[in-house]
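A short worksheet on the structure shown next.
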Amino acid sequence: MDLLAQDAAADRATMDRYRRYLSAGRAALGEMFGGDIEVASEGAWVRTSTGRRLLNCGGYGVLITGARHPRVVAAVREQLDTNPVATRLLLEPTVGRAAEALVATAPDGLDRVHFACGGAEAVEAAIKLARANGKRRLISMDNGYHGKTLGALSVTAKPVFQDPFHPLLPGVAHVPFGDAAALAAELAAHPGEACVIVEPVQAEAGVIIPPAGYLAEVARLCRAHGAFLVLDEIQTGLGRLGYWWGAERERVTPDVLLAGKALGGGVLPVSAAIAGAAAFAPFDRDPFIHTSTFSGSPLGMAAAHAAITAIREEDLVWRARWLGELLTEEIDEIVREALGDAVREVRGLGMLIGIELAVDGLAGELLLELVAAGVIANHSLNSANVLRLTPPAVLAHEDVDFLLAAVETAARAVADVL
């Protein structure tokens, strides 16, 4: 058997394993996108088993530093050779260093950290902190996305995800995103009882940017009604929006700020709940009240510390802002020229960009054509008509040119079938 035949056989074996042992639906989705099998990644690029290179503008916000950033990889390798998994009984230095570095990026007054692995775990920690502080009514926003564990799912206001798993947590309400008056009414009905969880930009809803001043008004309303404020920046934080945090844009300090995705430096899964001392007090008093075996694992902490250092030293927050403005403007011009009235809006903040299409099914077609043109993008879980781009802030000039050319190729291909 020659090498090409061996590679093809290996790819078929991968697809078969997905069908037999993982998810037949996931296998079908892989086939829909051409059956490519990713085997390597570096920076902004992914390589497939056939040697094809794809510009990775997907990853749901994980790769602000690109894949396998040299600083992060070196830190993880060094930690792997010394102490990859902690005893959980003795104190260990990497978690302290990572917490210090993370707190240094956060709004003033947030100086306690609980680390986890996935974003939904961080949401669960925030919900438990709210309850431990006496806030038992949860308020989230329509079309918000906070994860799919049972607590996180309770505040992810999407029936298609929730319905199979009822009953979820009791005492949960959803109000329209961007509507401060609706939030005020809900808070007034439950004074002193509520925890509000909100994203600064709703990514999975299709990159929905609220009116200017909305986040500051949410914070003011929470203070006025004695509510606990959780700002979910799992996807938007650590530079994605062209700011360290969306909170920074409106000078908001929540009770708890959630981080994830980019925190692992594109190498390991790491998330965190960053809280003020008062909000964190229940976890301070009892270190066993909320624990996880791999919370603050040395490998993950090495990755997180290195990722924060890389973002800071390479000025990736500023670069995300500058590149995001450029890309949003250029992509808007390209898709409108190719697709005309089929484009409802192109919007973005930093390296979080959404293309909303006015024709059902067209976002999926554009996504397929982008992959064919060599670019990985995202669908939006809570908005079927929005294709989402979350490129790394390490894009080189030639990567930008490649991306824009691919968008034009894909948009013209979609226009041909309109």
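Below is a table of values for the structure above.
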quantity	calculated
Among LEU91, GLY171, ALA373 the positive-end extreme of the charge dipole of the chain (Cβ point charges)	LEU91
Pairwise label distance in nanometres, ALA212 with ASP360, each label 7 Å out on the Cα-Cβ vector	3.7 nm
Volume per residue that the Cα convex hull of the range 70-313 spans, once the total is divided by residue count, Å³	120 Å³
Cα-centre dipole for the chain with unit charges at Cβ (Lys and Arg positive, Asp and Glu negative), debye to 20	1380 debye
Contour excess over end-to-end distance, with Cα ends at ARG285 and ALA28 and 0.36 nm allotted per residue	87.6 nm
Eligible aspartates and glutamates near LYS158 by straight Cα distance, threshold 14 Å, same-chain separation 8 or greater	ASP142, GLU204
Extension gain, ARG52 back to GLU325 (0.36 nm per residue minus Cα-Cα distance, nm)	95.4 nm
Mean-position separation - Cα centroids, the range 109-166 and the range 28-88, in angstrom	27 Å
Top positive-direction residue, dipole computed over the chain with Cβ charges, set ALA219, THR253, PHE115	PHE115
Proxy reagent accessibility, fewest Cβ within 10 Å first, across PHE115, PHE283, PHE33, PHE288	PHE288, PHE33, PHE283, PHE115
Residues SER154, SER383, SER292 arranged by fewest to most Cβ contacts within 10 Å	SER292, SER383, SER154
Anchor LYS135: lysines whose Cα lies under 22 Å away (excluding residues fewer than 8 positions away in-chain)	LYS148
Nonlocal amide H pairs with PHE228, under 5 Å, H built at 1.01 Å	ALA194, CYS195, VAL196
Candidates per chymotrypsin sites (Phe, Trp or Tyr not before Pro) in the range 155-186, loop by DSSP, up to 13 other Cβ within 10 Å	none
Only Lys, Arg (+1) and Asp, Glu (-1) charged, at Cβ; the range 70-313 dipole about Cα centre in debye	180 debye
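Throughout, read-outs are computed from the coordinates displayed, never taken from laboratory work. Nothing here was measured: the structure is a model prediction, and the numbers come from that model. FYI the Cβ positions are ideal-geometry reconstructions off the backbone, even for glycines, and counts take in every protein chain you see.
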